[in-house]
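Okay, so here's the structure we're looking at.
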Amino acid sequence: MNTSKTLQFALLSLAVIGGMILLPQGLGLYSVELLNIFLVNVILVCSYRMTVTTGDWGLAHIVMMGVGGYSAALLAKDAGFSIYLTIPAAGLIAAFVAYVMSLPLSRTVGFGYFIASFAIAELVRLSWLKFDTLFGGVRGLINIPIGKVFGYSLFDPVIYYYLSLAVAVICLMLMFQIDRSRIGIVWRSLSTDADLARSGGINVSYYRKLAFMCGSAFAGVAGALLVHRLGSVDPKGFDLTTMIYLVIWVVVGGTGSFWGPIAGLIVMTFFFEWTREFLAWRPLFFGGILILFLIFLPNGLDGLLRKLFDKVTSRGGAKQ
Amino acid sequence: MTPILDVKSLTKRFGGLTAVNALDLTVRTGEIHGVIGPNGAGKTTLFSLIAGAMRPTSGQVFFDGTEITTWAPHKITEAGLARTFQRSAVYHGFSVLENMLISMHTGCRVSLLGAIFNFGPTFPAAEIEQADGILEFVGLSEYRDAQAETLALGHQRSLGIAIALATGPRLLMLDEPAAGMNAQEAVVLDELIRKIRDDQGISVVLVEHDMKLVMEICDRITAINFGLLLANGTPEEIAGNNEVIDAYLGVEDLLDEDGDHA
């Protein structure tokens with residue numbers, strides 16, 4: 001990226017952040033609550049993209065979010081931690097759990113990884129049901145304290161929105177920096193040719209573990225944000241259905257660039273709201289969209305825009 | 001002088017099949033060493049065993065005096081033994097330059113914190129300069145910014161070699177570098193392999209079907225068949241060896257022909 005592009009990018013980011021700061025002023029409380037969930041999901045999709053850039057499409061990510069959520073809930077309820085501490089702690093605990101999970105997972109590839117990630121994640125999720133004295137079983141944990149920032153109660157959705165916005169901006173900046181670093185590029189190289197990477201001196205298993213841990217850490221942060229907002233956490237929220245929504249957001253957006261999954265999330269969030277009247281038909285719509293994208297736009301909206309952009313400017317290799 | 005590569009009684013069995021059978025191979029430092037043999041002789045298996053992609057059933061591999069038999073592939077590459085693949089192996093979706101930069105991984109690792117607090121360019125200018133140097137060396141400078149998968153097959157194979165060179169090897173193992181190349185490309189390759197040894201001082205082992213290339217550039221040749229050592233010697237000795245001629249059926253004819261690369 002040259003200087004003028006960097007400047008453009010910085011100005012654009014500032015404009016978006018400025019817009020996000022002003023946004024709740026013109027909206028009703030329901031919309032602000034939607035925005036709160038949206039910010040959680042922004043962190044979630046970007047962190048999922050982080051792990052899938054290595055080619056490891058797994059089904060554990062939503063459970064990693066749950067690990068962060070349960071950690072934050074327990075720390076806030078039982079240890080009396082403030083929200084400033086529970087959010088980063090949730091990320092660290094999720095990363096640690098991800099490390100343990102990655103020990104067997106990094107021995108599998110492709111379809112094996114896909115299924116194994118589901119199995120291990122389900123093991124974690126079922127342990128929340130089984131060990132009900134700690135995790136509250138089916139009912140989960142309720143009455144999670146929400147706390148205050150600068151003397152303002154976070155119970156107010158608008159105040160919570162600003163906290164979420166700050167956390168989301170920090171998380172996105174961190175993920176963006178990792179994505180453009182040598183680490184991010186090595187992750188992407190693994191998905192194109194792991195054998196070549198291995199013979200090129202790259203410790204493939206280390207980098208796959210690192211990607212899973214980093215992605216899980218940010219998913220954990222997203223989980224903490226969600227749980228503090230809802231005031232409760234239960235195993236149902238992190239089941240396969242939720243995971244499939246996450247996959248749909250990322251597939252629709254495309255993983256080719258950092259911004260693809262966010263675009264996918266925005267489009268599908270609007271779609272989700274529009275189909276509120278056809279509740280019974282919604283799984284069919286979403287399933288259909290997933291199939292259509294996989295067949296006709298395997299690189300998602302990101303790939304489509306890139307193609308159109310290349311056609312307009314008629315130059316090859318837009319990826320610099 | 002310690003040989004750069006010393007393979008001692010290496011054996012690999014797949015169930016009942018013995019792909020490599022008690023094979024010895026010694027590559028002297030600074031030499032170009034050819035490994036020949038008919039299809040299914042165990043050449044590629046031998047390569048995979050040396051490079052750590054497969055574990056041998058028994059036997060030992062020494063690289064510059066150090067035993068590397070059970071090392072992981074990336075450790076072996078870090079130690080200075082790089083390999084190329086029979087297929088054209090490049091990173092799709094990345095530019096030619098990025099292909100190089102990814103492979104210059106050894107020695108310039110980045111920590112997570114280092115990545116987060118790096119506000120400059122992803123790759124330092126010195127690394128890009130080094131990558132450009134290698135691209136120029138293999139003759140790919142003009143394709144620097146092209147996507148790797150859009151290159152012609154011959155160029156993709158050169159890029160494969162460049163990727164291996166980017167890891168900073170002392171020994172380069174080339175798996176059928178001339179496969180699928182036309183006569184003209186094979187001549188360029190011939191020159192490149194010589195240059196790698198002469199200018200960069202890198203020892204080379206190559207597995208090859210193209211007898212003309214092997215006979216022309218190799219200092220020593222090892223012929224194998226059915227995983228067994230057939231003969232060891234200079235190109236002249238190998239060309240005159242009856243067992244090798246029997247195994248190949250018509251090697252002599254191939255040697256007499258000009259520029260016809262199967």
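The values are calculated or read from the model by the stated rules, or taken from the named source; none is laboratory data. Here the structure is a predicted model, which is why all the values come from computation and not from measurement. All Cβ positions, glycine included, derive from the backbone under ideal geometry; neighbour counts span all protein chains shown. Accessible surface is based on the protein model in full, side chains and every heavy atom, while ligands, DNA and RNA are left aside. Shrake-Rupley method; radii C 1.70, N 1.55, O 1.52, S 1.80 Å.
Considering the stretch A:109-154, and only residues there that are surrounded by fewer than 18 Cβ atoms within 10 Å (Cβ to Cβ) and among the hydroxyl-bearing types (S, T, Y), the residue that is farthest from A:I62 (Cα to Cα) turns out to be A:Y152.
A:G200 meets all of the listed conditions (1) within 14 Å of chain B (Cβ to nearest Cβ); (2) open to solvent by less than 10 Å² (accessible area, probe 1.4 Å); (3) modelled with pLDDT of 95 or more but one, namely (3).
Applying the criterion of at least 3 residues that are over 18 Å from B:Y248 (Cβ atoms) to the strands (runs of 3 or more DSSP E) found wholly in the stretch B:168-236 leaves B:171-175, B:203-207.
Kindly indicate which of B:A41, B:A79, B:A115 is surrounded by fewer than 23 Cβ atoms within 10 Å (Cβ to Cβ), touching a Phe, Trp or Tyr at 6+ places or on another chain (Cβ under 9 Å) and at the interface with chain A (Cβ under 10 Å from one of its Cβ atoms).
On the way: B:A41 fails: at the interface with chain A (Cβ under 10 Å from one of its Cβ atoms); B:A115 fails: touching a Phe, Trp or Tyr at 6+ places or on another chain (Cβ under 9 Å).
The match here is B:A79.
Answer yes if at least one residue in the stretch A:225-238 is among the polar types (S, T, N, Q), within 14 Å of another protein chain (Cβ to nearest Cβ) and in contact (Cβ under 8 Å) with a residue 24 or more places away in the chain, and no otherwise. No, that holds for no residue. Report yes if B:I102 is facing chain A (nearest Cβ under 7 Å) and modelled with pLDDT under 95, otherwise no. It is true that B:I102 is facing chain A (nearest Cβ under 7 Å) and modelled with pLDDT under 95.
One line per residue, one yes/no per condition, for (1) more than 14 Å from chain A (Cβ to nearest Cβ); (2) over 29 Å from B:M211 (Cα atoms); (3) open to solvent by 20 Å² or more (accessible area, probe 1.4 Å); (4) of a type in the set (A, V, I, L, M):
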site: B:T26; (1), (2), (3), (4): yes, no, yes, no
site: B:G34; (1), (2), (3), (4): yes, no, no, no
site: B:A53; (1), (2), (3), (4): no, no, yes, yes
site: B:D64; (1), (2), (3), (4): yes, no, yes, no
site: B:T84; (1), (2), (3), (4): no, no, no, no
site: B:Y91; (1), (2), (3), (4): no, yes, no, no
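Each residue in the stretch B:179-216 was checked for being open to solvent by less than 10 Å² (accessible area, probe 1.4 Å) and more than 14 Å from the chain's Cα centre (by Cα), and 3 pass.
Residues that are under 21 Å from the mean Cα position of the chain (by Cα) and closer than 25 Å to B:R109 by Cα number at least 2 in the following helices (runs of 4 or more DSSP H) confined to the stretch A:103-205: A:157-180, A:182-192.
May I ask you to verify whether B:S103 is surrounded by fewer than 23 Cβ atoms within 10 Å (Cβ to Cβ) and within 17 Å of A:V186 (Cα to Cα)? So B:S103 fails the test.
Test B:R109 against the stated conditions and say whether it is within 11 Å of chain A (Cβ to nearest Cβ), charged (D, E, K, R) and open to solvent by less than 40 Å² (accessible area, probe 1.4 Å).
On the way: within 11 Å of chain A (Cβ to nearest Cβ): yes; charged (D, E, K, R): yes; open to solvent by less than 40 Å² (accessible area, probe 1.4 Å): no.
The answer is no for B:R109.
Before we move on, is B:S95 in contact (Cβ under 8 Å) with a residue 40 or more places away in the chain and facing another protein chain (nearest Cβ under 8 Å)? Spelling it out, B:S95 is indeed in contact (Cβ under 8 Å) with a residue 40 or more places away in the chain and facing another protein chain (nearest Cβ under 8 Å). Screening the stretch B:140-178 for residues that are within 14 Å of chain A (Cβ to nearest Cβ), within 20 Å of B:D210 (Cβ to Cβ) and charged (D, E, K, R) and picking the one that is surrounded by the fewest Cβ atoms within 10 Å (Cβ to Cβ) gives B:D175. Scanning the stretch A:238-268 for residues being farther than 14 Å from A:H61 by Cβ, open to solvent by 20 Å² or more (accessible area, probe 1.4 Å) and more than 14 Å from the chain's Cα centre (by Cα) gives a total of 3. Only a single item in (1) within 16 Å of A:A94 (Cα to Cα); (2) over 13 Å from the mean Cα position of the chain (by Cα); (3) not in a helix (DSSP H, G or I) is not met by A:L59, and it is number (2). As a summary of the residue check, A:T192 satisfies the conditions (1) touching a Gly at 6+ places or on another chain (Cβ under 8 Å); (2) buried (at least 20 other Cβ atoms within 10 Å of the Cβ); (3) facing another protein chain (nearest Cβ under 7 Å); (4) not small (G, A, S) except for the one numbered (2).
When the test is whether a residue is closer than 27 Å to A:V252 by Cβ, under 22 Å from the mean Cα position of the chain (by Cα) and surrounded by 13 or more Cβ atoms within 10 Å (Cβ to Cβ), A:L27 does not pass it. I'm trying to understand the selection: among the residues of the stretch A:215-237, which are open to solvent by 10 Å² or more (accessible area, probe 1.4 Å) and either of a type outside the set (F, W, Y) or outside the structural domain of A:I183 (by TED's automatic domain parsing) (or both)? If the condition is that a residue be open to solvent by 10 Å² or more (accessible area, probe 1.4 Å) and either of a type outside the set (F, W, Y) or outside the structural domain of A:I183 (by TED's automatic domain parsing) (or both), then A:A217, A:V221, A:L226, A:R229, A:L230, A:G231, A:S232, A:D234, A:K236, A:G237 are the ones that fit. For A:L85, the requirement of being in contact (Cβ under 8 Å) with a residue 12 or more places away in the chain, assigned by TED's automatic domain parsing to the domain that holds A:K209 and farther than 13 Å from A:L226 by Cβ is not met.
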